[in-house]
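In what follows, a structure is listed as structure tokens, so that the remarks can point back to it.
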Amino acid sequence: MNDALQEIHDFLPCRTPQQWIDNALANQDLMLIDHAHCEKKAASTALSLMYRYVDNTDLLNKMSRLAREELRHFEQVLAIMKKRGVQYDHLTPARYAAGLRQEVRSEDPGRLVDVLIVGAIIEARSCERFAALAPHLDDKLTDFYNSLLKSEARHYQDYLKLAEQANGGPVTDRVQTFLAIEHGLIIEPDTEFRFHSGPVH
Ligand SMILES: [Fe+2]
Ligand SMILES: [Fe+2]
């Protein structure tokens, strides 16, 4: 597992700022609610790719499995929330995913390549954040987040491989473009704490 986490750290442009970790620890109920939304959204993104790219068998298989895993994560977060008396609720989404999606090209195959790269980055950042948070949480959440970071590391690799397939070769330039945007979204001050927000001061 350490190798997979090392790969994620090498891939991402920066570590999560300490201020964000402090925000998360001070807002654990909100963190869980937004986490539930993120798992549900991850499943939904995988399903929408399955609707759009019905001729891509590798994508269909990987996204189907991924959607099931994300829904399982969703159920696990809900169960933890229920035990803690945390009520699920609507939340405004973080600026993060929308900020990345702005750079996605509108025409295929560029669109697919970019959506898959964004997927890889979101999975990698989720993995990095689970690892950053785990040492600071109670035993139950520590175990849970450690188990999740393994899945998200695998999802990151699946997305990246599919992006290379869709592009018919390396995607290094596009990845760098998206990572530069991601860097800003992670380090620049944010207005509302979310699982993928910047630091809130
Ligand atoms: Fe997940
Ligand atoms: Fe995932």
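What follows draws every value from the coordinates through simple rules; no lab data is involved. A quick note: this is a predicted structure, and the numbers were derived from the prediction, not measured. Virtual Cβ from ideal backbone geometry, glycine too; neighbours counted across all protein chains shown.
For the ranges 2-14, 123-135, 32-44, what's the packing order if you count other beta-carbon atoms within 10 Å of each residue, average per peptide, and put the highest first?
Top to bottom by mean Cβ count within 10 Å: 123-135, 32-44, 2-14.
Putting +1 on Lys and Arg Cβ atoms and -1 on Asp and Glu Cβ atoms, find which of A132, Y53, G168 reaches farthest to the positive end of the dipole of the chain.
Farthest along the dipole direction, towards plus: Y53.
Quick one: grab the alpha carbon gyration tensor of segment 152-201, order the square roots of its eigenvalues as a ≥ b ≥ c, and give me rounded if a/c is under 1.5, else prolate or oblate depending on whether a/b is larger than b/c.
Here segment 152-201 falls in the oblate category.
Taking a ≥ b ≥ c as the square roots of the eigenvalues of the Cα gyration tensor of segment 1-89, is the shape rounded (a/c under 1.5), prolate (a/b larger than b/c) or oblate? Numbers along the way, then the final one.
On the way: a/c = 2.45, a/b = 1.29, b/c = 1.90.
Oblate shape, in that a/c is at least 1.5 and b/c is the bigger or equal ratio.
Plugging the Kirkwood radius over Cα pairs into Stokes-Einstein for segment 38-131, at a temperature of 20 °C and a viscosity of 1.002 mPa s, what D comes out in µm²/s?
Estimated diffusion coefficient is 146 µm²/s.
Share of Cα-Cα pairs in the chain beyond 26 Å, in percent?
Working: 5852 of 20100 pairs.
Counting pairs separated by more than 26 Å, the tail of P(r) holds 29 percent.
How many lysine pairs does segment 57-154 hold where the Cα atoms are under 23 Å apart and the two sit 8 or more places apart or on different chains?
Details: K62/K150; K82/K140; K83/K140; K140/K150.
Total qualifying Lys-Lys pairs in segment 57-154 comes to 4.
Counting only complete DSSP H runs, which helices of the chain cover 27 Å or more along their long axis at the Cα atoms and score a mean Kyte-Doolittle of 0.0 or above?
110-133
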